[in-house]
Structures are given as structure tokens and as C-alpha cells.
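Presented below is the structure to which this report refers.
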Amino acid sequence: MAVLLDLPDETLLEIISLTAREPPSAQVDFARLSLVNHRFYLLTQPSLYRSIEIAGYWEQNYQTSLRLLLRLLLARPALGAHVRELTVEWHDDVYDRWAAEQGESDDEEDNEDKVEEDETEGAEGEVGHSLSADNALFASAASARGLSNRIQRALKHSSETVQTVLLLDLLPHLHSLSITPDLPSDLFFVDAVSKGNLPQGLRSLQEIELSWYDTEGGFDLLSIEQCLLLPTLRKLTVSAVDEDPNPWDSNEEAHVSAPPGSSSVTELVFILGAIECTSLARTLRLPRALSRFTYGLGSSSTGFASFDAAALWTGLHAYARDSLTYLEITTEISDSSDEPRGELGPLRDFVKLSSIYLPISLLLGAPSDGAAPVKLTDLMPPALVSLNLRIDNDWTLEACVDMLVEMLEAKETCTPSLSVLEVGHRAEDPAAERLRAACEAAEVDLRGGR
């Protein structure tokens with residue numbers, strides 16, 4: 001009579017993947033399955049350690065979690081090869097601040113000792129307790145067994161920057177890195193990039209996400225450009241991008257000294273940006289084949305004052321005209337007086353551009369009395385498949401519909417691949433009904449606002 005353990009490893013792995021819940025609960029499921037027997041323990045290790053998060057929570061602070069993870073990987077280096085995703089939230093003293101406000105002891109060493117005592121209860125290999133609210137990662141075998149006292153003391157007294165760089169060097173197959181630093185200047189690996197002394201984890205990295213949640217400040221372009229030079233990076237997402245206090249275009253030190261096409265990045269996402277666009281245009285020289293570009297303007301006055309659509313278009317046209325397939329620029333404002341001024345310029349030269357998401361005033365500029373009517377057919381790229389236009393306060397729905405209907409009537413000669421049009425409109429408006437009829441005639445799927 002066949003039993004479960006008679007099945008081959010491939011079948012067992014499929015069963016394990018089907019029984020696990022969605023993340024983050026899946027980590028707990030893998031941890032429990034690893035306790036079944038030695039074979040299940042080996043099978044679940046890649047899934048259990050695939051995604052790691054270290055952060056400051058109420059019971060643990062960032063330093064404690066980081067040190068315990070380092071002890072695990074130093075004692076058992078093979079586990080580091082399973083890690084593909086690392087999330088670092090540099091909120092290192094959340095618990096200490098809370099404890100101080102409550103008048104409680106914030107003795108870090110006592111706190112760490114208690115964690116190690118809790119973690120080492122039970123049999124070796126047990127993953128019964130988690131140092132992260134989201135991941136049951138640090139096994140009782142993750143304690144300092146097998147490490148010399150000298151290494152343990154070095155870990156305990158070294159800086160967080162040194163420890164985090166050491167961690168990256170223990171993750172040879174890392175693909176994704178998400179960082180929320182205590183300050184935007186705390187990008188611990190930037191010096192390593194500029195000196196060419198890369199930890200192993202940065203040599204295989206394909207995606208980085210940098211996040212900063214404060215309303216003022218952000219990551220500077222120099223640090224961003226150094227990230228772009230990572231050898232295998234394909235996507236960079238930055239939330240909260242800030243401009244340097246000095247004028248970017250007169251500050252050569254604000255950019256890395258690298259020739260155009262030095263970066264393998266194909267997707268750039270800037271969210272809540274406040275960058276002087278002339279400088280951003282120069283940053284766009286680095287990717288050799290930029291395919292996707294997203295820029296989300298923030299709500300700070302600095303962001304609008306520094307945004308220059310024409311300068312951004314110049315950079316995209318110069319360096320991504322033959323490779324760009326997706327362009328998205330969004331704003332987070334409702335007051336028309338705060339809308340970014342100027343328009344991007346024609347997109348017909350972007351031969352591969354198939355998806356566009358823009359406010360219509362950014363595409364066409366503000367309406368001008370007495371000026372010749374603008375034709376979308378003169379602006380749209382021939383490879384366009386999906387067009388999403390936000391009708392802002394500068395333009396009426398009727399005027400936009402007139403231009404869109406004209407474009408749809410000329411679809412076969414101007415944008416033959418167009419299949420999706422998304423535009424905000426009121427369903428009961430007669431102009432919206434006219435747009436729907438034009439879309440049906442052109443076999444274009446009209447979405448949004450209905």
C-alpha cells in the first residue's frame with residue numbers, strides 16, 4: 001500500500017505548494033510542514049527562506065532581528081542561497097521609543113537574550129516563533145551554535161551598516177530588495193556600488209524598491225544613479241524622490257560619471273517625485289534600453305515648481321525613443337492652479353510606445369483661444385495599443401471628445417493597433433455617448449467612468 005512518503009519529491013512539492021495559504025500565512029505553513037520529518041524539512045527550506053523581512057516591531061527591534069538572521073546564515077550558509085526577496089525596514093528603535101514613553105526598561109541586551117531563549121526552546125530545526133510579524137523565518141537552529149565567541153562579539157558590536165552589507169554578501173541569489181530606511185541618506189550599499197566592491201546579493205539583484213514616507217525630503221538622484229549601475233538590475237522603484245538644494249543642472253557632482261547606456265535597467269518608477277526635470281533627463285541617459293517609465297507627481301509645492309514637462313520629454317526622446325513601450329505620468333492634485341505647466345511634446349517618434357497614461361493637459365498643454373485646434377493624430381505613436389487620458393480642469397469633456405473621435409476615425413492610418421481607450425466621463429453626458437459610438441465603430445474597448 002502506497003503512502004505519502006512513497007511519492008517523488010516533485011509530487012510532494014506540488015502538494016506542499018497547494019496546501020500552503022497565501023503570503024504571509026504561507027510562511028507559517030511551510031514552517032509547520034518542515035517539522036514533519038527530515039525529508040519535509042529539506043523540501044520546505046527553499047520556500048521557507050525565499051522571502052525574508054527584517055524590521056522593527058513591538059517585541060523586536062531592527063538590530064536584534066538582523067543579528068539573529070546573520071547568526072543563522074553564518075552558521076548555515078546554504079540557507080542564504082534560498083533567499084530571493086529581502087525587505088529591510090530600517091525602523092530600528094520603534095520598540096525602544098515606545099518603551100521609553102511607557103517608562104519601561106529598554107535594555108537591548110536583555111531583550112535579545114529573551115528572544116534567543118524563546119527561539120532555542122524545542123528541538124533543533126523548529127520554526128515555532130517568528131522574529132517578524134509576517135515571516136516565520138528564524139529557526140531555533142538559527143541561534144549562534146557553531147559560531148565562535150569572537151564572531152558573536154563582532155556581530156554584536158558592529159554597526160548596522162556593516163551588518164546589513166554582510167547580510168547581502170550571504171545572499172548570492174537575491175533577486176528583489178525592498179528598503180525603507182530611517183533616513184533617505186541611509187542607503188547602506190551606495191558606497192559599495194561607487195567603489196565597485198559589491199556584496200554577492202547586489203551582483204544578482206534584479207529589482208530594488210526604495211521607500212521613504214516622510215512629507216519632506218527623499219532620495220537624491222546621485223544615490224538613484226548609483227543604484228542604476230548595479231550589473232543585473234532591471235527595475236528600480238523609488239517612492240519619494242527629492243531634488244538637491246543646489247541647482248541640478250549646474251552641479252556636476254550630482255550625477256555619476258558614467259557614459260550613456262551604462263545601466264541594464266528597463267523599468268523606472270518614480271513616485272511622489274520632486275525632481276528638477278532637466279537633471280532627471282540626464283539620469284535617463286544611463287539605461288541602454290528603457291522600456292517602462294512611470295512618474296507620479298507628489299502633492300508638495302516643490303514637486304510642481306520643479307516639474308518641467310518639456311525637459312522630461314527631451315530626456316525621454318533623446319535616450320528612450322527607440323525602446324520605450326509604457327509611459328505613465330500622474331498627479332495627485334485637484335486644484336487646477338497647481339497643475340504642472342507645459343506639455344510633453346509629440347510622441348509619434350516613440351516607435352515602440354504602446355501604452356500611455358497621462359493627464360490630457362500634459363499631453364496637449366492648456367487650451368489657447370484663437371489657436372489652431374490640436375490633433376491627437378499628430379501626437380500619438382503608431383504602435384499605440386492602450387490610451388488612458390485623465391480629463392483635468394483645463395479641458396472640457398466636449399473638447400476632448402471632439403479630438404478623440406477624430407483620432408478614432410483616423411485609426412486605420414494613424415494608430416491601427418489601438419484597442420483600449422480609458423477616459424473619465426459622465427455616462428449621461430451626450431458627448432460621452434458620442435465617444436462610445438465612435439469606439440464601437442473603430443472596435444476599440446472604451447473603459448472608465450461608465
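Give the residue, chosen from 363, 376, 347, that is within 29 Å of residue 265 (Cβ to Cβ) and modelled with pLDDT under 90.
Matching residue, one of 363, 376, 347: 363.
Restricting the search to segment 379-399, which residues are in contact with a helix residue (DSSP H, G or I) (Cβ under 8 Å, 6 or more places away or on another chain), open to solvent by less than 30 Å² (accessible area, probe 1.4 Å) and outside any loop (DSSP other than H, G, I, E, B)?
Within segment 379-399, 389, 397 meet the criteria.
Can you say whether residue 48 is within 16 Å of residue 164 (Cα to Cα) and modelled with pLDDT of 80 or more, as far as the supplied structure shows?
Criteria not met by residue 48.
Take segment 400-450 and flag every residue that is open to solvent by 20 Å² or more (accessible area, probe 1.4 Å), part of a helix (DSSP H, G or I), modelled with pLDDT under 90 and not charged (D, E, K, R).
Scanning segment 400-450 gives a single hit, 430.
Under 6 Å between Cβ atoms, which residue pairs at least 6 apart in sequence (or on different chains) link something in segment 32-54 that is under 10 Å from residue 82 (Cα atoms) with a partner that is acidic (Asp, Glu) and not in a loop (DSSP other than H, G, I, E, B)?
51/85
Just for segment 240-266: of the residues that are under 17 Å from residue 190 (Cα atoms), polar (S, T, N, Q) and open to solvent by 20 Å² or more (accessible area, probe 1.4 Å), which one is modelled with the lowest pLDDT?
Of everything passing the filter in segment 240-266, 257 is modelled with the lowest pLDDT.
Among the residues of segment 65-81, which ones are surrounded by fewer than 21 Cβ atoms within 10 Å (Cβ to Cβ), touching a residue at least 40 places away in the same chain (Cβ under 8 Å) and under 20 Å from residue 47 (Cβ atoms)?
Passing the criteria: 76, 77, 81.
The values are calculated or read from the model by the stated rules, or taken from the named source; none is laboratory data. Values in this document were obtained by computation on a predicted structure and should not be read as measured data. Note: ideal-geometry Cβ built from the backbone for every residue, glycine included; neighbour counts use all protein chains shown. The area values use the complete protein model at the heavy-atom level, side chains included, leaving out ligands, DNA and RNA. Shrake-Rupley method; radii C 1.70, N 1.55, O 1.52, S 1.80 Å.
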